[in-house]
Amino acid sequence: MERKLQEYARLLVQVGLNVQKGQRLVISSPVECAFFARMCAAEAYAVGCKEVVMNWHDDAMARMKYLHADDAIFDEVALWRRHFFNDYALEGAAYLAISASDPENFKGVDSGRIVRAQQASGKALKDFDRLQMSSGFPWCIASIPIPSWAGTVFPEAGEAEAVEKLWDAIFAAVRISGDGTAVEKWQRHLDTLKVRLDKLNELRFASLHYTNSLGTDLTIRLPEGHIWEAGNDVTHSGQTYIANIPTEEIFTAPLKNGVNGVVYSAMPLVHDGAIIDGFHFVVKDGKIVEAIAARGEETLKAAISVDEGAAYFGEVALVPYDSPISNQKILFYNTLFDENAACHLAFGEAYPCIEGGRKMSKEELKARGLNDSITHVDFMIGTPDLSIVGTTQDGREIPVFVDGNFAI
């Protein structure tokens, strides 16, 4: 176990973030994950990191705040917090987020408070959000188990057994075996993603049509000059990084006003400390005009009303149903893993996935048809029978997905 933990921390620091000598590292972590955050910090210092700065958070304290704090504070963001995120982002510091939380931590919390807090944060942390979406600094999101999360994934197991099983599932998903070969495995994986990425970019689809037995019948137009990207990326300064570990996706941005039809979720979505399940959207000219959920509908409707752009889409991601995460047949109740087990879409902010997009201003990106929002929420739509047919600029129809997997 110790070897696997060291290999995981080394993978995140040296490959996920590719921390450079003299570069700062900001780690955002739950207090329950402190031991692993320290391991990552040690790995960073070993490669010459200038300073490791911690941003601790805690499920219990966050829940107490949303339940009992003075109402006015949800419209405020402390000046120190603005400087903390924006200044380090502008500096080009590396950013590691350890994602681990109780999937239902905010059950019963007033969703209006959560939305207001998100709106305030979106306004205050504009530099951080802009640079993160446009590869202005290296960032990586990864996870380790905590008991409340593990208990949701494996409800029939005792606490210790659930945590152990979740560790095994995470190690399998991130290609950690304890034998020191993770870096080589990841390089081979990235090479495979690039082959498919190049094929998609060569085809230059004008639109994609999704159908499956759940009832999804959705057409997505793609902006002129769009490009497909994969999990590995490069900052403006040339520093390579992997934003999500694990990652199985190839993604691009849709045309904001070019999405029409109905799309059904294939998995529950954990968002704002609540579980949303059995939901679907009706979409007209890009906008979600109807949102219905069997569970968590209030949270879902709050999520698409954070701002004007929250009701439009910002990401189209292709993930084969036959993947190391999907094949574990585990519902992780964590978007980092679940979004890499199936094709997904995201409502909210679009990545600048068009030619020259990273150098464009918000106004220029919007003029090219990309969505703008302070939120970005992935939800899973991939199924074993998912069909995706692409239509090229000259009208040819080409199967992209057949029975849930790549056909190209």
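The values are calculated or read from the model by the stated rules, or taken from the named source; none is laboratory data. Small disclaimer: the values here were computed from a predicted structure and weren't measured. Note that we place each Cβ from the backbone using ideal geometry, even for glycine, and neighbour counts take in every protein chain shown. These accessible areas exclude ligands, DNA and RNA; they are computed on the full protein's heavy atoms, side chains included. Shrake-Rupley method; radii C 1.70, N 1.55, O 1.52, S 1.80 Å.
Loop only by DSSP, 14 or fewer other Cβ within 10 Å of the Cβ. Give me the GluC sites (Glu not before Pro) in region 19-76 that pass, ordered by residue number. If you can, show how the numbers build up before the last one.
Working: sites: Glu32, Glu43, Glu51, Glu76; in loops: Glu76.
When the GluC sites (Glu not before Pro) of region 19-76 are filtered for loop state and at most 14 Cβ neighbours within 10 Å, Glu76 remain.
Once region 297-408 is represented by equal point scatterers at the alpha-carbon sites, with solvent omitted, what log10 I(q)/I(0) does the Debye formula produce at q = 0.13, 0.20 Å⁻¹?
For region 297-408, the Cα-only Debye profile gives -0.62, -1.13.
For region 154-232, with the dipole built from +1 on Lys and Arg beta-carbon atoms and -1 on Asp and Glu ones, taken about the Cα centre, which of His189, Ala157, Leu200 lies farthest toward the positive end?
Most positive-ward Cα: Leu200.
Kirkwood Rh, Cα Rg: Rg to Rh for the chain?
Values: Rg = 20.3 Å, Rh = 21.7 Å.
Ratio value, two decimals: 0.94.
Return the long-range amide H neighbours of Ala206 (sequence gap of 5 or more, or a different chain), with a cut-off of under 5 Å between placed amide H atoms.
Under 5 Å from the amide H of Ala206 lie the amide H atoms of Thr391, Thr392, Gln393, each far enough along the sequence or on another chain.
Please get the size of the charge dipole for the chain, origin at its Cα centre, with Cβ charges of +1 on Lys and Arg and -1 on Asp and Glu, quoted in debye to the nearest 20. Before the final figure, lay out the partial values.
On the way: 38 positive and 56 negative charges, 189 e Å.
Roughly 900 debye for the chain.
Among the aspartates and glutamates, which have Cα under 14 Å from the Cα of Lys126 when same-chain residues fewer than 8 positions away are ignored?
Asp87, Glu349, Asp372
What number, rounded to the nearest 500 deg cm²/dmol, is the helix-based mean residue ellipticity at 222 nm of the chain, given -39500 (n - 2.57) per DSSP H run of at least four residues and division by all its residues? Can you show the working numbers first?
Numbers: 12 runs with 129 residues, N = 408.
The per-residue figure over the chain is -9500 deg cm²/dmol.
Just how much of Tyr264 is accessible, in Å², when a 1.4 Å probe is used and the result is rounded to the nearest 10?
Around 70 Å² of this residue is reachable by solvent.
Each residue of region 194-205 in order: what ³J(HN,Hα) in whole Hz does its phi give by Karplus 6.51 cos²θ - 1.76 cosθ + 1.60, θ = phi - 60°, with x for Gly and Pro?
5, 4, 5, 4, 4, 5, 5, 5, 5, 6, 6, 5
Using modelled backbone amide H atoms (1.01 Å from N, in-plane), which distant-in-sequence or interchain residues come within less than 5 Å of Asn55's amide H?
Ile27, Ser28, Ser29
Over 30 Å between C-alpha atoms is what I'm after, so list which of Lys4/Lys301; Lys185/Lys287; Lys199/Lys359 land there. Mind dumping the intermediate values first?
Values: Lys4/Lys301 41 Å; Lys185/Lys287 40 Å; Lys199/Lys359 25 Å.
Long pairs (Cα-Cα over 30 Å): Lys4/Lys301; Lys185/Lys287.
Given 10 °C and 1.306 mPa s, compute D for region 170-230 with the Stokes-Einstein relation, Rh being the Kirkwood radius over Cα pairs; round to the nearest whole µm²/s.
Numbers: Rh = 14.6 Å.
It comes out at roughly 109 µm²/s.
Tell me, what HN-Hα J-couplings in whole Hz come from the Karplus equation 6.51 cos²θ - 1.76 cosθ + 1.60 at θ = phi - 60° for each residue of region 296-308, using x for Gly and Pro?
Ordered by residue, 3J(HN,Hα) equals x, 4, 4, 5, 4, 5, 5, 5, 8, 10, 4, 7, 4 Hz.
Write down the radius of gyration of region 162-283 and its Dmax, each obtained from C-alpha positions, in Å.
17.9, 49
Treating only the Cβ of Lys, Arg, Asp and Glu as charged (+1, +1, -1, -1), what charge dipole size does region 327-386 show about its Cα centre? Round to the nearest 20 debye. Kindly include the intermediate steps, with their values, before the conclusion.
Numbers: 6 positive and 9 negative charges, 31 e Å.
Computed charge dipole of region 327-386: roughly 140 debye.
Please list, ordered by chain and number, the residues whose modelled amide H lies under 5 Å from the amide H of Ile354; skip anything fewer than 5 residues away on the same chain.
Under 5 Å from the amide H of Ile354: Ile227.
Taking a probe of 1.4 Å, how large is the accessible area per residue of the chain, in Å²? Kindly include the intermediate steps, with their values, before the conclusion.
Working: 17000 Å² over 408 residues.
Result: 42 Å² per residue.
Which residue, Thr383, Ile276, Leu5, has the largest displacement toward the positive end of the dipole of the chain when charges sit on each Cβ (Lys, Arg +1; Asp, Glu -1)?
After comparing all options, I get Leu5.
Determine ³J(HN,Hα), in whole Hz, for all residues of region 6-20 in sequence, where each value follows from phi through the Karplus function 6.51 cos²θ - 1.76 cosθ + 1.60 and θ = phi - 60°; x replaces Gly and Pro.
Values per residue, Gly and Pro as x: 5, 5, 5, 4, 5, 4, 5, 6, 8, 10, x, 10, 6, 4, 9 Hz.
Taking a 1.4 Å probe, which of Met61, Met39 shows the most accessible area, and what order do the others take after it?
Values: Met61 120, Met39 25 Å².
Listed by decreasing accessible area, they come as Met61, Met39.
In straight Cα distance, which lysines are under 19 Å from Lys123, not counting same-chain residues fewer than 8 positions off?
Within the straight-line cut-off, Lys123 pairs with Lys362, Lys366.
Going by Cα centres, region 194-232 and region 124-152 are how many Å apart?
So the separation of the two Cα centres works out to 25 Å.
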